[in-house]
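Heads up, the thing below is written out as structure tokens.
The values are calculated or read from the model by the stated rules, or taken from the named source; none is laboratory data. If you're wondering where the values come from, they're calculated on a predicted model, not measured in any experiment. For neighbour counting, all protein chains shown are included, and Cβ atoms are generated from backbone atoms with ideal geometry for every residue, glycine included. For the accessible areas, the whole protein counts, side chains as well, though only heavy atoms, and no ligand, DNA or RNA atoms are used. Shrake-Rupley method; radii C 1.70, N 1.55, O 1.52, S 1.80 Å.
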Amino acid sequence: MLDELLATAAVVGTAGVVYIVAAARVVKQYERGVVLRLGRLRGGIRPPGFTMIIPGVDRLRKVNMQIVTMPVPAQDGITRDNVTVRVDAVIYFKVVDAADAVIQVEDYRFAVSQMAQTSLRSIIGKSDLDDLLSNREKLNQGLELMIDSPAMGWGVQIDRVEIKDVSLPETMKRSMARQAEADRERRARIINADAELQASKKLAEAAGVMSEQPAALQLRLLQTVVAVAAEKNSTLVLPFPVELLRFLERAQAQPGAPTVEQIPTRPRPDEHRGDGHRDDEFVLDEPKGAKFRRDEAEDDEFPLDNPDAGPRPSPD
């Protein structure tokens, strides 16, 4: 009798151990357990730690609650300003409701991936190229809202979406490079023109100061000569003052200056002086105006239309 009791106890103990081993489950700290009993959701979410289920009746699904990093494959699209681009991104999400992630969607990872690709193509078509290149923060926020709206029903929360790279055609890259170069050249010209304006103002102030002291201009000229001579040059260029030329012009314009009629004219080559010397031995250049007037006078005296007519009578 005792042996039968011991055998029965051993069988029951062995069955209990087997049952415990079959029913025991361990949920990790970053996981949550969802129990389906005969295909129906049973109770609440199992917390981390040791838990028990009915073997053969219950089925435990463990859901990872960590943030998942998922790359979005590169998508080809045409922007709003008709530029072909290739954009890829990365998405960060996590499960906030384990029961919805198991019940509402078959595979929440695949669903989030497909939704991210669709939203990325949509955001490309609604944006300009300049926004994709310089205003990515706004596009990231819009992309996050587009993915997060349907994902909330799956028990998934989108934590962050980032556009990684924007690939452009080679022709577009060259065009953008030329545009950037032209813009830099424009800014350089503006800066140069501004510098010239400031320098001209300073030069005008310096000219006003030098006009009060004429010796300052001569000192400045000597400083320039010293600076030029210090460069090991074999040729020295001295500027000629313009004021001297103006002084000569004013001197010629005075009433006491000799006129054209007072300048001696050059005799004809076929005439001789009284001392037996020819005139071509010493010739004085005469101004053009005087020669022209002398030729007119000769034409009046000897007309060409009738050589035998003789000199014209005087009007007097």
- Among what's in segment 58-87 and is within 25 Å of the chain's Cα centre (by Cα) and of a type in the set (Val, Ile, Thr), pick the residue that is nearest to Thr118 (Cα to Cα). Val87
- Message: Name the residue that is farthest from Lys94 (Cα to Cα), counting only residues in segment 148-165 that are open to solvent by less than 40 Å² (accessible area, probe 1.4 Å) and not in a helix (DSSP H, G or I).
- Response: Ile163
- In segment 23-59, the residues that are touching a strand residue (DSSP E or B) at 6+ places or on another chain (Cβ under 9 Å), assigned to a strand (DSSP E or B) and either open to solvent by 70 Å² or more (accessible area, probe 1.4 Å) or hydroxyl-bearing (Ser, Thr, Tyr) (or both): Arg25, Val26, Arg32, Leu41, Phe50, Thr51, Met52, Arg59
- Those residues of segment 124-137 which are part of a helix (DSSP H, G or I), open to solvent by 20 Å² or more (accessible area, probe 1.4 Å) and either in contact (Cβ under 8 Å) with a residue 60 or more places away in the chain or under 22 Å from Met172 (Cβ atoms) (or both) amount to Gly125, Lys126, Asp130, Asp131, Leu133, Ser134, Arg136
- Task: Give the residue that is least open to solvent (accessible area, probe 1.4 Å), with candidates limited to residues of segment 1-22 that are of a type in the set (Ser, Thr, Tyr) and within 25 Å of Thr51 (Cα to Cα).
- Result: Thr14
- Query: Taking interchain pairs and intrachain pairs at least six residues apart, which have beta carbon atoms under 8 angstrom, with the first residue in segment 44-57 and closer than 17 Å to Lys28 by Cα and the second assigned to a loop (DSSP other than H, G, I, E, B) and not charged (D, E, K, R)?
  - Reply: Pro48/Gln29; Pro48/Tyr30
- Task: With respect to Leu145, determine if the residue is open to solvent by 60 Å² or more (accessible area, probe 1.4 Å) and part of a helix (DSSP H, G or I).
- Result: yes
- May I ask you to list pairs of residues, at least six apart or on different chains, whose Cβ atoms are under 8 Å apart, with the first in segment 16-34 being more than 19 Å from Val102 (Cβ to Cβ) and the second being surrounded by fewer than 12 Cβ atoms within 10 Å (Cβ to Cβ)? Ala24/Phe50
- Query: What are the pairs, 6+ residues apart or on separate chains, where a residue within segment 172-188 that is on the phi < 0 side of the Ramachandran plot and in contact (Cβ under 8 Å) with a residue 24 or more places away in the chain has its Cβ under 8 Å from a residue that is surrounded by 10 or more Cβ atoms within 10 Å (Cβ to Cβ) and β-branched (Val, Ile, Thr)?
  - Reply: Met172/Val83
- Item | Whichever residue in segment 61-117 is part of a helix (DSSP H, G or I) and without any contact (Cβ under 8 Å) to a residue 12 or more places away in the chain and, among such residues, is least open to solvent (accessible area, probe 1.4 Å) | Gln114
